[in-house]
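What follows is a set of notes on a single structure, which appears directly below.
No value in this document is a laboratory result; all are computed from the given coordinates. Computed from a prediction, not measured in an experiment: that's the story for all the values here. No Cβ is skipped: glycine too gets one built from the backbone with ideal geometry, and neighbour counts run over all protein chains shown.
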Amino acid sequence: MSAAVGGTALREGGACAEPQVLRQRGQREVFCGLTSIVWLHRKIPDAFFLIVGSRTCAHLMQSAAGVMIFAEPRFGTAIIEERDLAGLADIDEELDRVVGQLLERRPDIRMLFLVGSCPSEVIKLDLARAAARLSRIHLPRVRVVNYTGSGIETTFTQGEDSCLTALVEHLGEAPPDRRSLLIAGCLPDIVEDQFRRIFDELDIGPVAFFPPRSSLELPEVGRGTRVLMAQPFLGDTAQALAKRGAQILPAPFPFGAEGTTLWLKAAAAAFGVEDMHFRNVTAPRRERAARALERYRDALAGKRVFFFPDTQMEPSLARFLARECAMGLVEVGSPYLNKLLVDNDLALLPEQTVLSEGQDVDLQLDRCRAARPDLTVCGLGLANPLESEGLATKWSIELVFSPIHGYEQAGDLAELFARPLLRRERLRV
Ligand code: SF4
């Protein structure tokens, strides 16, 4: 059944367990996929991200990354000015020249990402063909891969999804009878090391992380590959890996003590780890995480949180806040509810949780203002106006930049949400 609610379609689920989802199709206030270069370039230090874009793209990167992009750390922008179709051949030549100069100047680059954007003069370009041509010219020293960070259809976390999806094509074929575990999604090195230690103790292996820390160490994938997704916004990556024969292990995401345990449990079940052994390895860590969470319980318990759709991490984080921090959920918005990936988190949300998918910012602002939540999780653009109206906010982008996965980070994750509430309390005092 469906009904119109102020331009919003409200779908009621069929059977009992299906949650209600508000489908929102309106004005969006999000960063584009180029933003993900800020964390991707740190993760793969021998890669270079060349944005093929406009001055706007260059300015976005400059302000989002807070660095001088023209000083060339590991990303830069080839600025394409408006020109007619007849000028496209010149652009190809220009791109070849820019890439040639860059690679000559920077012999450390092993992988070059050509990142498309949304200005019309860039959309006309066939970057896939350009990447294939440039790969032929510069192989074996440099592999050239293209993807889009365009803001027309993507939100900022989908930039990582596009990047990794493009990279899946370049993964070697693993022998079908070789069982291995692949963790897909950018994680800070320190978190990767912690997970690697846990998998070692559980006797699960070999384990590879995707993307790898070096572009020379791309993992292989095949029918024996079991995949744990590390980020809920990697729907296309998951599908691309599945197409290569890998099996995606269904699990909630590893946020908090419970989420981390269930995520590890999915791998343990796939690799036949005994329950007792699993408990011995995880219980002390789980208890430590629960103790770390306890410190923020007073600040968070009973407080009401509203999520604007921004990162696709919202359902997983809401599950953590509701179940491990005793927070109330006013509304959980997500740009896209990818059932394949977040179903296990959705199943753990309290009954009657209001979910919304997509964005219609004015309607969402109305609902948020009417509800007056204790904490609003939203993009940078909405945070300042809401703060000025007396609402405490948390920037959702921080949740992408900060180490928040796993047992050791459970307390830090709770603190990220508690901080704005505690600051407001102090101001009141
Ligand atoms: S890709 Fe599009 S949305 Fe992103 S900065 Fe460039 S012009 Fe703006």
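The set of residues in region 248-276 that are touching a residue at least 24 places away in the same chain (Cβ under 8 Å) and small (Gly, Ala, Ser) comprises Ala251, Gly256, Ala257, Gly259, Ala266, Ala267, Ala268, Ala270. In region 157-190, how many are surrounded by fewer than 21 Cβ atoms within 10 Å (Cβ to Cβ), touching a Pro at 6+ places or on another chain (Cβ under 7 Å) and assigned to a helix (DSSP H, G or I)? The total comes to 1.
Return the total of residues in region 97-122 being within 16 Å of the ligand (Cβ to nearest atom), buried (at least 19 other Cβ atoms within 10 Å of the Cβ) and over 21 Å from the mean Cα position of the chain (by Cα).
So the answer is 3.
Scanning region 244-269 for residues that are closer than 25 Å to Phe156 by Cβ and either out of contact with any Pro (no Cβ under 9 Å at 6 or more places or on another chain) or aliphatic (A, V, I, L, M) (or both) returns Ile248, Ala251, Pro252, Pro254, Phe255, Gly256. Take the conditions in contact with a strand residue (DSSP E or B) (Cβ under 9 Å, 6 or more places away or on another chain) and not small (Gly, Ala, Ser) and apply them to Leu355. Does it pass? So Leu355 fits the description; yes.
For region 202-259, filtering for residues that are in contact with an Asp or Glu (Cβ under 9 Å, 6 or more places away or on another chain) and among the polar types (S, T, N, Q) leaves 4.
Evaluating Thr154 against the criteria (1) among the polar types (S, T, N, Q); (2) within 22 Å of the chain's Cα centre (by Cα); (3) within 16 Å of the ligand (Cβ to nearest atom); (4) not in a loop (DSSP other than H, G, I, E, B) leaves one unmet condition, (4).
The set of residues from region 338-380 being within 23 Å of Glu415 (Cα to Cα), over 19 Å from the mean Cα position of the chain (by Cα) and assigned to a helix (DSSP H, G or I) comprises just one member, Cys368. When region 255-282 is filtered for residues that are within 15 Å of Leu182 (Cα to Cα) and not in a helix (DSSP H, G or I), only Phe271 remains.
If you go through region 123-147 and keep only what is touching a helix residue (DSSP H, G or I) at 6+ places or on another chain (Cβ under 6 Å) and either free of Cβ contacts under 8 Å to residues at least 12 places away in the same chain or aromatic (Phe, Trp, Tyr) (or both), you end up with just Tyr147.
When you go through Ala326, Ala301, Ala292, Ala322 one by one, which is the residue that is in contact (Cβ under 8 Å) with a residue 40 or more places away in the chain and surrounded by fewer than 24 Cβ atoms within 10 Å (Cβ to Cβ)?
Exactly one residue qualifies, and that residue is Ala292.
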